[in-house]
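*Asks:* Can you keep this structure in mind? I'll have questions shortly.
The values are calculated or read from the model by the stated rules, or taken from the named source; none is laboratory data. What you see is a predicted model, and the numbers here were worked out from it, not measured in a lab. Using ideal geometry, Cβ is built from the backbone for each residue, glycine included, and neighbour counts are taken over all protein chains shown. Only protein heavy atoms, including side chains, enter the accessible area calculation; ligands, DNA and RNA are left aside. Shrake-Rupley method; radii C 1.70, N 1.55, O 1.52, S 1.80 Å.
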Amino acid sequence: MKTIVVCSSGSFYEHCNQIADELREMGYKVIVPATAEAMRKSGDYDIDKAKPWMSDPEQFHGKHKVAMVHFDEVAKGDAVLIVNDDKPGKPNYIGPNTSMEWGLAYYLGKPVFILNGVAKDSNFYEEVYGMSTVLDGDLNKINL
């Protein structure tokens with residue numbers, strides 16, 4: 001069974017969990033960020049509550065830990081799926097942490113799937129179309 005590691009902005013974790021369920025139904029093992037899994041269990045998808053470092057800089061070590069745990073998952077997985085939904089004023093958003101996970105997967109030779117395409121004026125246009133497979137919202141396009 002192939003493992004797909006889901007990466008995204010924390011703002012999209014509810015959608016990530018929905019996508020993970022769909023991928024599991026399709027026969028994949030799916031890893032979502034630990035925070036997304038915790039949010040699923042609690043039912044609370046308020047991302048601000050999951051970022052204590054934003055109000056207490058002494059907690060930034062927690063950001064490092066969360067990132068490193070997911071980097072390890074990316075390294076162990078067979079492929080990465082980037083969920084890039086819209087944020088206000090930022091269509092098909094890919095944030096810095098997701099970019100680092102994408103770069104790690106790409107460097108390790110893992111297939112990278114991007115849920116939604118981006119506009120030609122996006123900072124990521126060349127990378128999205130030149131270094132990944134764009135699904136245009138269709139998970140059935142994943143071929144592992």
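*Asks:* With respect to VAL30, determine if the residue is surrounded by 15 or more Cβ atoms within 10 Å (Cβ to Cβ), within 11 Å of the chain's Cα centre (by Cα) and modelled with pLDDT of 95 or more.
*Replies:* Details: surrounded by 15 or more Cβ atoms within 10 Å (Cβ to Cβ): yes; within 11 Å of the chain's Cα centre (by Cα): no; modelled with pLDDT of 95 or more: yes.
Here the answer is no, as VAL30 does not meet what is asked.
*Asks:* Please identify the pairs in which a residue from region 13-31 that is closer than 15 Å to THR3 by Cβ has its Cβ atom under 7 Å from the Cβ atom of a residue that is among the charged types (D, E, K, R) and surrounded by 16 or more Cβ atoms within 10 Å (Cβ to Cβ), counting only partners at least 6 apart or on another chain.
*Replies:* Partner pairs satisfying both residue conditions: ILE31/GLU73.
*Asks:* Identify all residues within region 1-27 that are among the hydroxyl-bearing types (Ser, Thr, Tyr), in a strand (DSSP E or B) and either surrounded by 23 or more Cβ atoms within 10 Å (Cβ to Cβ) or at pLDDT below 95 (or both); write none if there are none.
*Replies:* Our first condition is that a residue be among the hydroxyl-bearing types (Ser, Thr, Tyr); within region 1-27, this holds for 3, 8-9, 11, 13.
Now narrow it down to the ones that are in a strand (DSSP E or B): 3, 8.
Residue satisfying the conditions is SER8 alone.
*Asks:* Against the conditions (1) assigned to a loop (DSSP other than H, G, I, E, B); (2) open to solvent by 40 Å² or more (accessible area, probe 1.4 Å); (3) touching a residue at least 24 places away in the same chain (Cβ under 8 Å), where does ASP44 fall short? Just the number, please.
*Replies:* For ASP44, the failing item is (3).
*Asks:* How many residues does region 72-86 hold that are surrounded by fewer than 14 Cβ atoms within 10 Å (Cβ to Cβ) and not in a helix (DSSP H, G or I)?
*Replies:* Result for region 72-86: 1.
*Asks:* Then there is this: Report every pair of residues separated by at least 6 positions or lying on different chains whose Cβ atoms are under 8 Å apart, first residue within region 84-108 and more than 21 Å from MET68 (Cα to Cα), second of a type in the set (D, E, K, R) and part of a loop (DSSP other than H, G, I, E, B).
*Replies:* Correct list of pairs: ASN92/ASP85; ASN92/ASP86; TYR93/ASP85; TYR93/ASP86.
*Asks:* Could I ask something else about it? Please count how many residues of region 131-144 are open to solvent by less than 60 Å² (accessible area, probe 1.4 Å) and assigned to a helix (DSSP H, G or I).
*Replies:* 1
*Asks:* Among residues belonging to region 88-111 that are among the aliphatic types (A, V, I, L, M) and in a loop (DSSP other than H, G, I, E, B), point out the one that is farthest from VAL128 (Cα to Cα).
*Replies:* So in region 88-111, the residues among the aliphatic types (A, V, I, L, M) come out as 94, 100, 104-105, 108.
Within this subset, residues satisfying the condition of being in a loop (DSSP other than H, G, I, E, B) are 94, 108.
On the way: ILE94: 10, LEU108: 17 Å.
Among those residues, the one meeting the criterion is LEU108.
*Asks:* Any residue in region 58-79 that is among the hydrophobic types (A, V, I, L, M, F, W, C), in contact with an Asp or Glu (Cβ under 8 Å, 6 or more places away or on another chain) and under 26 Å from LEU144 (Cα atoms)?
*Replies:* Looking only at region 58-79, we keep the residues that are among the hydrophobic types (A, V, I, L, M, F, W, C), and these are 60, 66-69, 71, 74-75, 79.
Filter once more, keeping what is in contact with an Asp or Glu (Cβ under 8 Å, 6 or more places away or on another chain): 71, 74.
Remaining after also requiring under 26 Å from LEU144 (Cα atoms): 71, 74.
So far as region 58-79 goes, yes, one or more of its residues are among the hydrophobic types (A, V, I, L, M, F, W, C), in contact with an Asp or Glu (Cβ under 8 Å, 6 or more places away or on another chain) and under 26 Å from LEU144 (Cα atoms).
*Asks:* May I ask you to list the residues in region 54-71 that are within 30 Å of MET1 (Cβ to Cβ) and either surrounded by 12 or more Cβ atoms within 10 Å (Cβ to Cβ) or in contact (Cβ under 8 Å) with a residue 12 or more places away in the chain (or both)? Don't jump to the end; show me each part of the working.
*Replies:* So the first thing to find is which residues in region 54-71 are within 30 Å of MET1 (Cβ to Cβ), and the list is 65-71.
Correct list: VAL66, ALA67, VAL69, HIS70, PHE71.
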